[in-house]
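Read-outs throughout are calculated quantities, based only on the coordinates presented, and are distinct from any laboratory measurement. Remember, predicted model here, so these are calculated numbers, not experimental data. A quick note on method: Cβ atoms are made from the backbone with ideal geometry, for glycine too, and the neighbour counts reach across all protein chains shown.
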Number of protein chains: 2
Amino acid sequence: MQDSEHIIICENPSINDVIAKLNEAFNERRTTIIVGSCRVDYHGRASSKLEYGERIVIIKEDGSVLVHRSKGYEPVNWQPSGCVLQALKDNDELIIKATKRNPSETVTIFFDRVYLLSIFKLIDEGKFSLYASEEDMQRAILIEPTLIEEGFKPIDYERKVEPGFIDIYGVDKNGRMVVVEIKRRTANKEAVLQLAKYVEYLRKDLSREVRGILAAPDISREANHLLLSLKLEFRRVDPKKCFKILKKNRVRKITDFFK
Amino acid sequence: MQDSEHIIICENPSINDVIAKLNEAFNERRTTIIVGSCRVDYHGRASSKLEYGERIVIIKEDGSVLVHRSKGYEPVNWQPSGCVLQALKDNDELIIKATKRNPSETVTIFFDRVYLLSIFKLIDEGKFSLYASEEDMQRAILIEPTLIEEGFKPIDYERKVEPGFIDIYGVDKNGRMVVVEIKRRTANKEAVLQLAKYVEYLRKDLSREVRGILAAPDISREANHLLLSLKLEFRRVDPKKCFKILKKNRVRKITDFFK
DNA sequence: CGTGCCAGGTGCCGT
DNA sequence: ACGGCACTTGGCACG
């Protein structure tokens, strides 16, 4: 949206003007915001009727439609992505029809007044990540050690050794020592080196084979290269899954309490 | 919003300008739309991070906050109604903090660029009515019990028993107890188990035979299998048909009035 | 595709 | 506050 030509902002536009601009926006898959007085009909899985009032309507570039009132998290009416959009005029009203198949559903918005029309080409490549805290991930792995691998048995966590604290250590199904380093976000080289430090120390200290496993939602290319060269291992651990395990565990405890 | 003084629309406003106007809007409980480039942090039940990108932020008069990307029905980040809002400046960025207690949650939005700021006093008294909901189906069955079967006589609805609320219960033409569980869409296993729970409880409690009928537009194969094995019954009931019955009933009442 | 299951679910209504 | 439950639930993973 660097170019200002990609922004259209009209205060109190005429209905005809809105219709022309909307149809162009639908064609070019722009994101549109309309603020004005409208009523809304919905027919599909259910039916609904919303009387006139001042609302915010958002039409996104994937064809999703949201009608928001002045309160609350949820839209009062909506249409999921992938619907067919149409703007037309009838009785001096602006009518926006959003139609979808399977299930067949229609949302029709009747504007008798538009205060603001704005159309954008939103550029948004930003990555969204949902994660648990490192402690959450650690607890989840202790509850559900198969998150690391089949047969992994944790022995202790936050164990102090000379170079620092080991997140989790235990043994694998073959009785080999395993050190686990947890990162809640994409692991970088620093994380690999941290793991390497512990593994190195334990190998020397115990004079036995020690496996090092980096547990994180992802690992950077460079870090992975380093990891492989150091003969360490990576295990993808999904933070969302960790959440679920913790949550389930909480529930289980509560139900246990009521038994 | 008749008075145009209730509308503020600023294109490419300065950060200072936005902060001043936002804090006033928060005070006066206005509805605000901000379009610009931002990143978002969330901490609470989970945690999330959203990198920079162009988005639409809506802050409603009840304190709910929505961050919408250019695609999809759902906001990428949000805060439910009743949170504390704060707008401040840091490192030439606009920071909006939305904080809530119980559960303690924070959404922080960092804008490095604002394309549009608009503030409204939305007046919206319009009534919203939804038809063909589960409640409509329930009312329709109470008016027209043959929707379940010939000779069915409802006794009570939304009856609280130990495991929860029974949608409708009554007796069949042979005087046997009947429990009805209503679903407005294809019934799944959960619905069957819900019904089973009530039937089980009543059988024990009353020490008499109890029939369980699942009333829904459809039932999944697996759910049907479970239903049969539990010796429960399914009755196809169309939500739309229920709505028509209600409508007819309203009409009948009106015509009765004119007799 | 359907079907099941989860969600930072949300919202509503009850004790 | 907590519980039970519907929702145009939406979304995703999986058979």
Just order B:214-227, B:54-67 by mean Cβ neighbour count inside 10 Å, highest at the front, would you? B:54-67, B:214-227
Would you list the P(r) distribution for the protein assembly as shown, with all Cα-Cα distances sorted into 20 Å bins from 0 and each bin expressed as a whole %? 18, 37, 36, 9, 0
Report, for A:Arg101, each distance to the same residue's label point in the other copies, shortest first and in nm; define the point 7 Å along Cα→Cβ. 5.4
Near A:Lys89, which aspartates and glutamates are there with a Cα under 13 Å away, not counting those fewer than 8 places off in the same chain? A:Asp17, A:Asp112
The long-range amide H neighbours of B:Asp62, using H built 1.01 Å from N in the peptide plane and a cut-off of under 5 Å, are A:Gly72
Which whole-number percent is the relative contact order of chain B (Cα, under 8 Å, 6+ apart)? 15 percent
Can you compute the modelled spin-label distance between A:Ser133 and A:Asn174, with each label point 7 Å from Cα toward Cβ, in nm? 3.7 nm
I'd like the mean, over residues of B:115-124, of how many other protein chain beta carbons sit within 10 Å of each residue's own Cβ. 6
Taking the Cα-to-Cβ direction at A:Asp218 and at A:Val161 and moving 7 Å from each Cα, how far apart do the two end points lie in nm? 2.9 nm
Please compute the modelled spin-label separation between A:Tyr73 and A:Ser104, points set 7 Å along Cα→Cβ, answer in nm with one decimal. 3.4 nm
Cα centroid separation - the range A:135-168 against the range A:89-118, whole Å: 55 Å
Per-residue [θ]222 nm for the protein assembly as shown (sum of -39500 (n - 2.57) over DSSP H runs n ≥ 4, rounded to 500): -8500 deg cm²/dmol
Looking only at aspartates and glutamates whose Cα falls under 17 Å of B:Lys71's and that sit 8 or more positions away or on another chain, we get A:Glu28, A:Glu61, A:Asp62, A:Glu74, A:Asp124, A:Glu125, B:Glu51, B:Glu54
Please compute the net charge surrounding A:Gln194, taking Lys and Arg as +1 and Asp and Glu as -1 over other residues with Cβ under 13 Å from its Cβ. -2
Label spacing, shortest first and in nm, from A:Pro80 to its equivalents in the remaining copies (7 angstrom along Cα→Cβ): 2.3
Just check chain B against the gyration tensor rule for me: Cα atoms, a ≥ b ≥ c as the square roots of the eigenvalues, rounded for a/c under 1.5, and otherwise prolate or oblate depending on whether a/b exceeds b/c. prolate
Out-of-range pairs (alpha-carbon distance over 32 Å; input A:Lys97/B:Lys100; B:Lys153/B:Lys204; A:Lys127/A:Lys160; A:Lys183/B:Lys183): A:Lys97/B:Lys100; A:Lys127/A:Lys160; A:Lys183/B:Lys183
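Once the Cβ-Cβ distance between A:Glu28 and B:Glu190 is put in as r, and R0 is 60 Å, what FRET efficiency do you end up with, to the nearest 0.05?
Details: r = 44 Å, r/R0 = 0.73.
It comes out at approximately 0.85.
Need one word for the range B:123-259: rounded, prolate or oblate. Basis is the Cα gyration tensor (sqrt eigenvalues a ≥ b ≥ c); a/c below 1.5 gives rounded, then a/b vs b/c decides.
Working: a/c = 1.95, a/b = 1.54, b/c = 1.27.
Note, shape of the range B:123-259 comes out prolate.
Under the classification rounded if a/c is under 1.5, otherwise prolate if a/b is larger than b/c and oblate if not, where does the range A:76-155 fall, given a ≥ b ≥ c as square roots of the Cα gyration tensor eigenvalues? Don't jump to the answer; show the numbers that get you there.
Details: a/c = 4.52, a/b = 2.96, b/c = 1.53.
In terms of gyration-tensor shape, prolate.
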